[in-house]
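Structure record follows, encoded as structure tokens.
The values are calculated or read from the model by the stated rules, or taken from the named source; none is laboratory data. The structure presented is a predicted model; accordingly, all values stated were derived computationally and were not measured. Please note: Cβ atoms are built from the backbone with ideal geometry, for glycine as well, and neighbour counts cover all protein chains shown.
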Amino acid sequence: MEKDNQLFEKKKIGVYTVFSAREVYETLKIEPINIILCEYHLPKIKTSTFLKKIKTIKPDVELVFLSEGATLSNAIDAMKDGAYDFYEIPVKPRLLATVIEKAIEKQLLFLEKIELEKKVRGMFNFEDIHGRSKPMQYVINLISSIAQKNTNVLITGETGTGKEMVAKSIHYNSPRASKPFIKVNCGAFNEGVLESEIFGHEKGAFTGAIIKRVGRFELADEGTIFLDEIGDMTLSTQIKLLRVLQEKEFERVGGNETIKVNIRVLAATNQDLNKLIEEKKFRQDLYYRLNIVHIEVPPLRDRKDDIPLLVSHFINNFNEEKEYAIKGINKNAMQILLNYTWPGNVRELENAVEAAMALAPGHVIEAKYLPSFLLLSQPQHADFYQIPQHFTLQEAEKEIIRFTLEKTKGNKSKAARLLGIGLRTLQRKVLCA
Ligand SMILES: Nc1ncnc2c1ncn2[C@@H]1O[C@H](COP(=O)(O)OP(=O)(O)OP(=O)(O)O)[C@@H](O)[C@H]1O
Ligand SMILES: [Mg+2]
């Protein structure tokens with residue numbers, strides 16, 4: 001295995017090993033995967049379903065099936081379903097490496113074609129970023145004016161505002177679009193692991209470093225590296241990062257060989273870096289290097305005009321992904337979405353739409369299918385009761401009666417009718433209150 005890995009490394013091919021279809025889907029979503037090598041007879045899932053699903057997640061990924069004792073008709077079926085190639089096990093690593101290189105070449109041609117088409121049309125393809133509000137138009141214009149330039153960009157904004165989406169759209173609208181976009185979540189690893197993730201390590205660099213590892217900076221060569229949650233990086237890793245930014249070279253952990261890279265750096269955080277600088281938790285010189293251009297993604301509460309557009313975008317997405325048949329959302333439900341302040345921003349809205357779509361039995365999202373936190377948080381003047389969680393049933397009843405009487409301007413007969421109880425019952429309850 002190590003020998004095979006060495007061969008792949010020599011050819012600068014990073015390898016991820018997973019053990020289930022679900023892991024393949026998850027990895028595809030977050031890692032820069034070009035090729036999947038996979039056993040033809042998968043347990044628990046039909047090969048055609050598997051192929052369809054991975055093509056939905058990443059249309060340009062290529063799949064090579066390997067199989068022991070497969071028939072010619074299996075191979076023909078797989079190719080018809082869109083597999084790139086099919087090999088009988090055992091297969092020589094050298095042959096595999098060549099197949100992989102060929103598949104990557106095919107992808108690059110595909111990406112170059114798209115790039116060319118975009119240039120011919122003379123426009124950027126920003127359709128994935130939904131937002132017609134003024135603040136989002138400003139962000140989109142800023143992206144389009146800097147994407148083609150080779151500057152580093154710092155993207156800030158609250159959680160769930162779309163920072164990663166902005167980073168991707170910068171990369172995919174830059175001359176580096178056909179080269180890798182590599183993400184590192186700086187908050188997800190402790191210091192040692194993060195350094196080996198970023199810079200790679202040599203065999204034997206530390207206990208457990210059984211084989212040499214190519215780091216993400218190397219994988220991102222000629223492309224873009226996206227340093228997410230940069231505010232979580234420790235000071236000692238910040239110094240090493242600063243050197244790469246200044247000198248464009250580094251060594252793998254435990255190694256002497258100097259590796260030169262040509263990389264564009266995008267960084268993101270939801271923390272206040274100026275405050276971290278004041279607290280001496282973030283280096284000012286690194287901040288200046290990263291913050292050549294600053295993009296602040298506004299919170300959703302400051303661009304509520306975008307909510308209807310985002311909702312219909314998410315409805316389309318989930319209809320496709322989960323095979324739902326929702327046609328829209330009614331006025332009441334939309335008003336509730338517009339009234340809410342969305343502390344979790346676009347991601348929270350996306351989750352709310354998904355939850356409502358799962359519950360709605362018909363073709364329309366109605367208010368009652370929205371998550372309960374949205375219904376409870378509505379302002380008093382809307383058509384909803386506001387009942388704090390700690391209320392007892394009796395207190396809640398009192399609140400509902402009070403609210404209804406307020407609405408009927410004290411008219412008890414009308415209130416009783418609205419509440420679905422008799423006038424006498426209502427009078428008794430008011431007396432007891
Ligand atoms: N303008 C937008 N149009 C369409 N989808 C969006 C938009 N903004 C964000 N999203 C969606 O919202 C979700 C959150 O976006 P993203 O991951 O880019 O946010 P983030 O700012 O990086 O969040 P965090 O700080 O939590 O990492 C994603 O599913 C993304 O596709
Ligand atoms: Mg993010």
So, Ile225, is that one part of a strand (DSSP E or B) and within 16 Å of ligand 1 (Cβ to nearest atom) or not? yes
Scan the stretch 212-244 for residues that are of a type in the set (Ser, Thr, Tyr) and farther than 20 Å from Leu273 by Cα and report the count. 1
If you check Ile259 against the conditions, is it surrounded by fewer than 20 Cβ atoms within 10 Å (Cβ to Cβ), away from ligand 2 (no atom under 16 Å from the Cβ), aliphatic (A, V, I, L, M) and at pLDDT 95 or above? no
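Listed here are the residues, each with its yes/no results for (1) among the polar types (S, T, N, Q); (2) part of a helix (DSSP H, G or I); (3) buried (at least 20 other Cβ atoms within 10 Å of the Cβ).
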| residue | (1), (2), (3) |
| --- | --- |
| Asp305 | no, yes, no |
| Pro308 | no, yes, no |
| Ser312 | yes, yes, no |
| Asn316 | yes, yes, no |
| Ala325 | no, no, no |
| Leu338 | no, yes, no |
| Val346 | no, yes, yes |
| Leu349 | no, yes, yes |
Of all the residues that make up the stretch 193-245, how many are in contact with a Gly (Cβ under 7 Å, 6 or more places away or on another chain) and β-branched (Val, Ile, Thr)? 2
Is it true that Ile155 is assigned to a strand (DSSP E or B) and within 12 Å of ligand 1 (Cβ to nearest atom)? yes
If you go through Gly204, Gly162, the only one that is at positive phi and at pLDDT 90 or above is Gly162
Note on the stretch 145-201: residues under 21 Å from Gly131 (Cα atoms), within 14 Å of ligand 2 (Cβ to nearest atom) and of a type in the set (S, T, N, Q) are Thr156, Thr159, Thr161, Ser169
Name the residue, out of Val244, Val265, that is away from ligand 1 (no atom under 16 Å from the Cβ), of a type in the set (A, V, I, L, M, F, W, C), within 23 Å of Val166 (Cβ to Cβ) and modelled with pLDDT of 95 or more. Val265
Within the stretch 130-150, count every residue that is assigned to a loop (DSSP other than H, G, I, E, B) and either closer than 18 Å to Leu349 by Cβ or of a type in the set (Ser, Thr, Tyr) (or both). 4
Here the residues within the stretch 19-35 that are exposed (fewer than 15 other Cβ atoms within 10 Å of the Cβ) and touching a helix residue (DSSP H, G or I) at 6+ places or on another chain (Cβ under 8 Å) are Lys29
Of the numbered conditions (1) in contact with a helix residue (DSSP H, G or I) (Cβ under 9 Å, 6 or more places away or on another chain); (2) surrounded by 18 or more Cβ atoms within 10 Å (Cβ to Cβ), Gly187 fails exactly one; give the number of that condition. (2)
Within the stretch 262-303, take every residue that is assigned to a loop (DSSP other than H, G, I, E, B) and under 21 Å from the mean Cα position of the chain (by Cα) and give me the one that is surrounded by the fewest Cβ atoms within 10 Å (Cβ to Cβ). Gln271
